[in-house]
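Notes for the one structure printed next.
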Amino acid sequence: MKIDDCFQLGNIIKSHGMKGEVSAIFDVDNPEEYLELESVFVLIDKKLVPFFIESLSFQNGYVLLKFEDINHLDDTERIKGCELYLPLSALPDLGEGKFYFHEVIGFAVVDAKEGHIGTIKEVYSLNQQDILSVDHQGAEVLVPLHDDFIEKVDKPGRTFYVKLPDGLLSIYLDTKA
């Protein structure tokens, strides 16, 4: 399994108890959707290593994990601080009009007034605002991911329909100094 075929589920924070359990954080919207996991990939030395889950529970905002063949506190030391991954296929379906950031890379962006703007190259997830990076004729245009600007996402047609605020596009295309 390659890391590009996966998403980061969370991180192992610390050891928990003496019998090989670890505390983790699942960095997802609904951690409860992952209660029935049988395995995860742990990133160790830049390689994804499969770990089978013996038990998983939630406690005080953390996820308590017990992996098979990890039975002592000493065994948890090598995975403490490691990232947890799952295949992209394990992501829950979001339904109509919703999307995961990785899904829209390569989508065409069409504005209600300007028409075809370009292609989504990346999605930046910032604390205050998520932003689309759109390649418009070789220039990067940053489009805030805000409900007021998104008209429709056509997954089968690989098109992202937007209604950009007046003047946004010209900020990036104005070459006057």
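The values are calculated or read from the model by the stated rules, or taken from the named source; none is laboratory data. It should be emphasised that the depicted structure is a prediction, and the values quoted were computed from it without experimental measurement. Glycine gets a Cβ as well: all are built from the backbone with ideal geometry, and neighbour counts include every protein chain shown.
Quick notes on this one:
- Just one of the listed residues (LEU48, LEU37) is buried (at least 17 other Cβ atoms within 10 Å of the Cβ) and modelled with pLDDT under 95, namely LEU37.
- Among the residues making up the range 80-99, those that are surrounded by 13 or more Cβ atoms within 10 Å (Cβ to Cβ) and assigned to a loop (DSSP other than H, G, I, E, B) are LYS80, CYS82, LEU91, PHE99.
- Which listed residue is touching a strand residue (DSSP E or B) at 6+ places or on another chain (Cβ under 7 Å), more than 30 Å from GLN137 (Cα to Cα) and either modelled with pLDDT of 90 or more or not β-branched (Val, Ile, Thr) (or both), from ILE53, ILE70, ILE105: ILE53
- Number of the condition not met by VAL123 [criteria: (1) of a type outside the set (Phe, Trp, Tyr); (2) part of a strand (DSSP E or B); (3) more than 15 Å from the chain's Cα centre (by Cα)]: (3)
- Note on the range 51-84: among residues that are of a type in the set (A, V, I, L, M) and under 25 Å from LYS2 (Cα atoms), the one that is farthest from the chain's Cα centre (by Cα) is ILE70.
- Residue that is nearest to ILE105 (Cα to Cα), among those in the range 119-156 that are without any contact (Cβ under 8 Å) to a residue 24 or more places away in the chain and of a type in the set (Gly, Ala, Ser): SER133
- For first residues located in the range 157-177 and at positive phi, partners that are surrounded by 14 or more Cβ atoms within 10 Å (Cβ to Cβ) and at pLDDT 95 or above and lie 6+ apart or on another chain with Cβ distances below 6 Å form the pairs ARG158/PHE107.
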